[in-house]
Amino acid sequence: MEKHIVKVLQTDFVTHNVKRFIIEKPAGYTFIPGQATDVSINKPGLENELRPFTFTNTNDEDHLEFTIKIYTSHGGVTSKLLDVNEGDELIIHEVFGAIQYRGPGLFLAGGAGITPFLAIFRELRRNNQLNGNALFFANRTEKDVILHEELNDMLGDNYVDILSEPTAPQLPAFIEMKMLKDQVLKGVNLFYVCGPDKFIEIMTENLMSLGIRKSQVVIEL
Ligand SMILES: Cc1cc2nc3c(=O)[nH]c(=O)nc-3n(C[C@H](O)[C@H](O)[C@H](O)COP(=O)(O)OP(=O)(O)OC[C@H]3O[C@@H](n4cnc5c(N)ncnc54)[C@H](O)[C@@H]3O)c2cc1C
């Protein structure tokens, strides 16, 4: 199994519970925006605790970036990542993943499911190809939205926040059928979906019921 020990160069928080890691990029290591790798922490007892995370920067850069939601409540790897900072080491493995850009479409993200789309949007921005893409980003509250400002800068009116528990009154609370139907009627024919399993299931089912074929929906397999 491919295995690289890499130094953490920098960390910061992009929301109250989402931590960004800038890490070294091994020589010759490449990825396609949307792809991920298995990551563990290079500390005694944690080296073999692998969890998948998506690269959120672009492949042309000389470092790698992860944007990771920390779950303190279940004492797993992400809670240990709270204590991983500059100078510590991670172990990364081979690149994998089925999500990649196939052309303009509607991106449906739930929470940390935005991560593959961040890499894709950043790559599209670099190539001046963001036009024709839209994002519906579902979160619980305003403070859970990952990199709202950057997404807004990139997509403008084509970026819609959907908050199930907003502090300021806002509708709708969920990505409703009508919103998807409007997109289908507008001629959107490619859909990228990423988020919790239930989110993917519901979005995919709803799209199918609107006549969208499986081949038009890009998800992680
Ligand atoms: C291909 C792929 C790419 C991914 N990329 C990213 C990424 O870039 N950024 C990111 O933040 N996440 C990403 N994830 C999700 C990430 O891998 C998980 O959040 C992580 O493995 C959780 O590890 P853990 O050890 O902290 O939690 P684990 O204990 O391994 O729990 C795994 C999952 O189970 C659920 N869970 C378990 N226990 C509880 C509990 N007590 N309460 C609530 N929920 C619970 C959570 O949904 C959690 O995500 C990706 C997942 C996949 C499959």
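Nothing in this text is a laboratory measurement; each read-out follows from the coordinates by a stated rule. Since the structure is predicted, the reported quantities are computational estimates derived from the model, not experimental observations. Here Cβ is always computed from backbone atoms with ideal geometry, including for glycine, and neighbour counts include all displayed protein chains.
Scanning segment 57-78 for residues that are near the ligand (Cβ under 6 Å from one of its atoms) and either of a type in the set (Lys, Arg) or in a helix (DSSP H, G or I) (or both) gives 69, 73, 74, 77, 78. Hey, does segment 202-214 have a residue that's in contact (Cβ under 8 Å) with a residue 60 or more places away in the chain and closer than 23 Å to residue 103 by Cα? Yes, segment 202-214 contains at least one residue that is in contact (Cβ under 8 Å) with a residue 60 or more places away in the chain and closer than 23 Å to residue 103 by Cα. For segment 79-96, a tally of residues being within 11 Å of the ligand (Cβ to nearest atom), closer than 21 Å to residue 14 by Cβ and out of contact with any helix residue (DSSP H, G or I) (no Cβ under 6 Å at 6 or more places or on another chain) returns 3.
For (1) within 16 Å of the ligand (Cβ to nearest atom); (2) touching a residue at least 40 places away in the same chain (Cβ under 8 Å); (3) surrounded by 21 or more Cβ atoms within 10 Å (Cβ to Cβ); (4) within 22 Å of residue 16 (Cβ to Cβ), each residue gets a yes or a no:
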| position | (1), (2), (3), (4) |
| --- | --- |
| 113 | yes, yes, yes, yes |
| 117 | yes, yes, yes, yes |
| 123 | yes, yes, no, no |
| 133 | no, no, yes, no |
| 138 | yes, yes, yes, yes |
| 152 | no, no, no, yes |
| 159 | no, no, no, yes |
| 171 | no, no, no, no |
| 177 | no, no, no, no |
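Condition test on residue 122, is it touching an Asp or Glu at 6+ places or on another chain (Cβ under 9 Å) and either within 23 Å of residue 28 (Cα to Cα) or in a loop (DSSP other than H, G, I, E, B) (or both)? It is true that residue 122 is touching an Asp or Glu at 6+ places or on another chain (Cβ under 9 Å) and either within 23 Å of residue 28 (Cα to Cα) or in a loop (DSSP other than H, G, I, E, B) (or both). Applying the selection to segment 52-65, what residues are farther than 22 Å from residue 108 by Cα and exposed (fewer than 15 other Cβ atoms within 10 Å of the Cβ)? Once the filter is applied, which keeps residues that are farther than 22 Å from residue 108 by Cα and exposed (fewer than 15 other Cβ atoms within 10 Å of the Cβ), segment 52-65 yields 60, 61, 62, 63.
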